[in-house]
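To start, the structure under review is shown below, and the notes come after it.
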Amino acid sequence: MDKSMVVSVLEGIATLLELKGENPFKSRAYRTAARVIDTLPEELSDLIAQGRFKGIKGIGEGIGEKIIQLVTTGNLPYYEELKKEFPPSLLELLDIPGVGPKRAKVLYEELGIKDIDSLEKACKEHRIAGLAGFGQKTEENILLGINQFRSFSAYHRYGDLVDIVEELLDYLKKNPSIVHVHVAGSFRRGKEIVKDLDFLCTSKNPGAVMDYFVQFPQVRRIVNHGETKSTVIFDKGLSCDLRVVPDEDYAYALLHFTGSKEHNVALRQRAIAQGKKLSEWGLFQLSKLEEKPVAESESEDNPQTMQPQESKIFCRTEKDVYAALGLAYIPPELRENMGEIEAAQNNEIPRLVEWEDIRGVFHCHTTESDGRSSLEDMAKAAMEMGLEYLGIADHSKSSFQANGLSEERVYAQLDKIKNMNSRLQNFRLLSGIECDILKEGKLDFSDTLLEELDYVVASLHAGFSNDEEDNTQRLIKAMENPYVTMLGHPTGRLLLVRKPYPVNMEKVIDCAAKTGTWIELNAQPMRLDMDWRLWKSARDKGVKCVINPDAHHVKEIGYYKIGVNIARKGWLRKEDVINCLSLNDITKALQIKGRKKTPF
DNA sequence: GCCGTTTTCGGCCCGACTGTTTTCAGTCG
């Protein structure tokens with residue numbers, strides 16, 4: 001039993017204890033233990049075998065013994081017994097916003113509700129409002145929560161699909177009868193939310209490819225197993241198609257199945273205007289009708305008296321197809337029919353930023369606040385990834401829930417960073433803070449402290465109201481502070497979980513341009529905030545982007561690559577992204593940035 | 001269930017918000 005399985009068992013116990021209404025500190029102890037195990041650099045089995053498992057902070061006698069039992073026997077009777085007390089489907093209810101363990105327990109015990117469907121039914125029959133502690137409003141909110149959950153669960157976050165896409169590509173490439181294979185669809189376009197996966201390959205033996213595809217180990221259900229197209233379902237209801245086409249049609253098919261629909265429609269209209277026809281099966285030159293009249297004898301059987309003749313325009317790559325339409329190559333990320341066709345016609349498609357351009361990142365957390373990796377480990381990981389600098393930005397004191405740093409702890413961390421930097425070569429840790437934006441745009445720390453740091457990320461975490469003007473003014477006020485270098489996750493959205501708080505982004509972007517504040521492209525797969533749809537106009541107003549992983553673990557530093565996808569969707573070039581600057585240049589930029597001269 | 005310069009019991013992170021209440025419980029971050 002590996003670490004991640006132990007972590008999920010401990011978290012499962014914590015959830016079940018909450019449902020039971022046990023001492024909340026007991027369930028918290030299990031959550032803490034899960035977190036500690038998740039953070040351990042070593043394998044549990046090694047620690048136990050070498051007798052070094054005792055004495056880890058957060059894991060006492062009780063939980064410690066359970067973990068040992070779990071790791072050595074692969075089973076934990078305590079957990080199995082706990083699970084028997086509630087139907088497994090009851091845990092679904094906790095996914096509904098507004099339903100926590102206490103309410104789930106009451107719903108189950110009083111009304112026998114054990115899954116989302118029965119909860120929805122009870123709401124509609126107004127049986128919820130009568131329960132003690134529940135009212136009409138709660139009933140309405142739960143129903144809204146169910147609708148939200150349902151509408152979101154049909155979609156998947158890009159970042160959550162990266163692994164399975166790579167695994168399936170590797171798997172398909174191992175099959176000798178597959179010549180070319182590519183992921184297409186909205187995943188290839190780098191959309192932050194993806195409904196299903198589309199794969200495309202070429203082969204002379206489609207049947208064998210289809211048989212191989214449906215045997216992919218992650219397949220949970222086969223929906224369709226055809227000759228040239230199959231559909232399967234992975235975990236979490238993720239649907240995935242694979243199509244096989246002849247090798248000579250690959251370019252057209254890849255273009256077609258990459259989309260977007262809107263982009264394809266625009267391309268087809270362009271083709272028609274040029275006397276051509278574009279489909280997934282090819283690009284065809286249509287001959288003029290009068291040149292090829294259909295023979296009279298044939299026309300009697302055919303209501304159409306004229307048959308246009310088609311001749312296929314041979315294209316080996318997508319680039320060839322675009323060229324045949326008089327267009328420069330359009331990268332998949334831009335294919336949203338948002339100006340890319342006009343740009344391609346005028347040869348104005350920019351050279352988009354690539355992840356290899358990134359030289360360092362800001363906004364990373366450590367164990368000092370709510371991160372799960374130490375400062376030392378984060379620095380080491382960043383160096384190993386070939387980055388030149390790593391910005392640390394732990395939470396500020398108002399973020400209690402994230403163990404935000406007090407002034408004293410900020411100064412202590414600053415000293416530690418200076419000390420580490422004195423021993424580092426060709427790499428630098430940058431000292432920063434993710435400073436909470438409080439009511440009325442006040443910052444969580446005084447300017448005196450902020451001035452000491454290399455940079456400041458200002459973020460809104462709590463207390464955002466439903467008043468757009470109020471939220472907007474808070475962000476603006478924060479950006480006007482001369483020590484605020486960048487605005488963190490500007491809209492606060494959590495993809496498929498929480499909508500952005502109401503904020504006038506146009507005003508925020510204008511203020512960023514005016515004050516020279518950088519805007520973050522937070523690359524946490526849950527956030528990807530600011531949205532790609534806003535970047536092009538922000539760029540045109542002179543706003544600089546900073547792609548940050550918002551990493552809470554060494555493994556999350558690499559999230560910046562997902563951020564680069566989004567930056568590309570936002571038409572950003574290397575020169576628009578601040579962290580494409582070398583360590584030398586970033587140091588200079590921070591000297592100006594952190595001490596903005598103009599008072600606002 | 002964990003922990004200890006408040007040490008073997010008693011506290012454990014804090015505050016906003018909402019909706020339910022008549023002083024507070026549940027949820028969320």
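The values are calculated or read from the model by the stated rules, or taken from the named source; none is laboratory data. Quantities reported herein were computed from a predicted structural model and do not represent experimental measurements. Glycine gets a Cβ as well: all are built from the backbone with ideal geometry, and neighbour counts include every protein chain shown. The accessibility values were calculated without ligands, DNA or RNA, using every heavy atom of the protein model including side chains. Shrake-Rupley method; radii C 1.70, N 1.55, O 1.52, S 1.80 Å.
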(request) Identify the residue in the range A:240-263 that is in a helix (DSSP H, G or I) and open to solvent by less than 20 Å² (accessible area, probe 1.4 Å) and, among all such residues, is farthest from A:Leu161 (Cα to Cα). (result) A:Asp249
(request) Would you point out which residue out of A:Cys315, A:Cys364 is within 30 Å of A:Thr202 (Cβ to Cβ) and touching a residue at least 60 places away in the same chain (Cβ under 8 Å)? (result) A:Cys315
(request) Working only within the range A:379-401, note down all residues that are closer than 13 Å to A:Leu583 by Cα and of a type in the set (D, E, K, R). (result) A:Glu388
(message) Just checking, does the range A:228-239 include any residue being over 26 Å from A:Pro331 (Cα atoms), without any contact (Cβ under 8 Å) to a residue 12 or more places away in the chain and among the hydroxyl-bearing types (Ser, Thr, Tyr)?
(response) yes
(request) Could you tell me whether any residue of the range A:197-217 is in the same structural domain as A:Pro176 (by TED's automatic domain parsing), open to solvent by 40 Å² or more (accessible area, probe 1.4 Å) and under 21 Å from the mean Cα position of the chain (by Cα)? (result) no
(message) Looking at (1) touching a helix residue (DSSP H, G or I) at 6+ places or on another chain (Cβ under 6 Å); (2) over 18 Å from A:Ile437 (Cα atoms); (3) within 16 Å of DNA strand B (Cβ to nearest atom), which one does A:His395 not meet, given that it meets all the others?
(response) (2)
(request) Can you run down the residue pairs with Cβ atoms below 8 Å, 6 or more apart or on separate chains, where the first is in the range A:16-35 and outside the structural domain of A:Gly58 (by TED's automatic domain parsing) and over 23 Å from A:Tyr108 (Cβ atoms) and the partner is more than 9 Å from DNA strand B (Cβ to nearest atom) and open to solvent by 60 Å² or more (accessible area, probe 1.4 Å)? (result) none
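A quick yes/no check of all residues on (1) closer than 22 Å to A:Val99 by Cβ; (2) modelled with pLDDT under 90:
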position: A:Met5; (1), (2): no, yes
position: A:Gly12; (1), (2): yes, no
position: A:Thr32; (1), (2): no, yes
position: A:Asp46; (1), (2): no, yes
position: A:Lys54; (1), (2): no, yes
position: A:Gly60; (1), (2): no, yes
position: A:Glu65; (1), (2): no, no
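Conditions tested, residue by residue: (1) outside the structural domain of A:Glu280 (by TED's automatic domain parsing); (2) modelled with pLDDT of 95 or more; (3) under 16 Å from A:Gly190 (Cβ atoms); (4) in a loop (DSSP other than H, G, I, E, B).
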| site | (1), (2), (3), (4) |
| --- | --- |
| A:Cys315 | no, no, no, yes |
| A:Ile330 | no, yes, yes, yes |
| A:Glu333 | no, yes, yes, no |
| A:Asn337 | no, no, yes, yes |
| A:Ile341 | no, no, no, no |
| A:Pro350 | yes, yes, yes, yes |
(message) Let me confirm something: among A:Gln425, A:Gln401, which residue is within 16 Å of DNA strand B (Cβ to nearest atom) and surrounded by fewer than 16 Cβ atoms within 10 Å (Cβ to Cβ)?
(response) A:Gln401
(request) State which residue is surrounded by the fewest Cβ atoms within 10 Å (Cβ to Cβ) when the search covers only the range A:543-586 and only residues that are under 20 Å from A:Val456 (Cα atoms) and of a type in the set (Asp, Glu). (result) A:Asp585
(request) Looking only at the range A:328-342, count how many residues are open to solvent by less than 10 Å² (accessible area, probe 1.4 Å) and aliphatic (A, V, I, L, M). (result) 2
(request) Looking only at the range A:39-83, count how many residues are closer than 12 Å to A:Lys3 by Cα and within 16 Å of DNA strand B (Cβ to nearest atom). (result) 8
(request) Look through A:Lys588, A:Lys561 and report the one residue that is assigned to a helix (DSSP H, G or I), touching a residue at least 40 places away in the same chain (Cβ under 8 Å) and among the charged types (D, E, K, R). (result) A:Lys561
(message) Let me spell it out: the conditions are (1) closer than 30 Å to A:Asp241 by Cβ; (2) in contact (Cβ under 8 Å) with a residue 12 or more places away in the chain; (3) in a loop (DSSP other than H, G, I, E, B), and A:Pro176 meets all of them except one. Which number is the exception?
(response) (2)
(request) Give just the number: which of (1) within 12 Å of DNA strand B (Cβ to nearest atom); (2) closer than 19 Å to A:Arg372 by Cα; (3) open to solvent by less than 10 Å² (accessible area, probe 1.4 Å) does A:Val410 not satisfy? (result) (1)
(message) Looking only at residues that are crowded, with 17+ Cβ neighbours inside 10 Å and either of a type in the set (Phe, Trp, Tyr) or touching a strand residue (DSSP E or B) at 6+ places or on another chain (Cβ under 7 Å) (or both) in the range A:134-154, which one is nearest to A:His256 (Cα to Cα)?
(response) A:Phe149
(message) Just to be sure I understand, how many residues within the range A:99-133 are open to solvent by 50 Å² or more (accessible area, probe 1.4 Å), under 33 Å from the mean Cα position of the chain (by Cα) and within 13 Å of DNA strand B (Cβ to nearest atom)?
(response) 3
(request) Could you list all residues from the range A:1-38 that are surrounded by fewer than 20 Cβ atoms within 10 Å (Cβ to Cβ), within 10 Å of DNA strand B (Cβ to nearest atom) and closer than 22 Å to A:His553 by Cβ? (result) A:Arg28, A:Arg31, A:Thr32, A:Val36
(request) Can you tell me which residue among A:Leu90, A:Leu94 is touching a residue at least 40 places away in the same chain (Cβ under 8 Å), touching an Asp or Glu at 6+ places or on another chain (Cβ under 8 Å) and of a type outside the set (S, T, N, Q)? (result) A:Leu90
(message) Can you say whether A:Gly226 is surrounded by fewer than 18 Cβ atoms within 10 Å (Cβ to Cβ) and within 30 Å of A:Arg103 (Cα to Cα), as far as the supplied structure shows?
(response) no
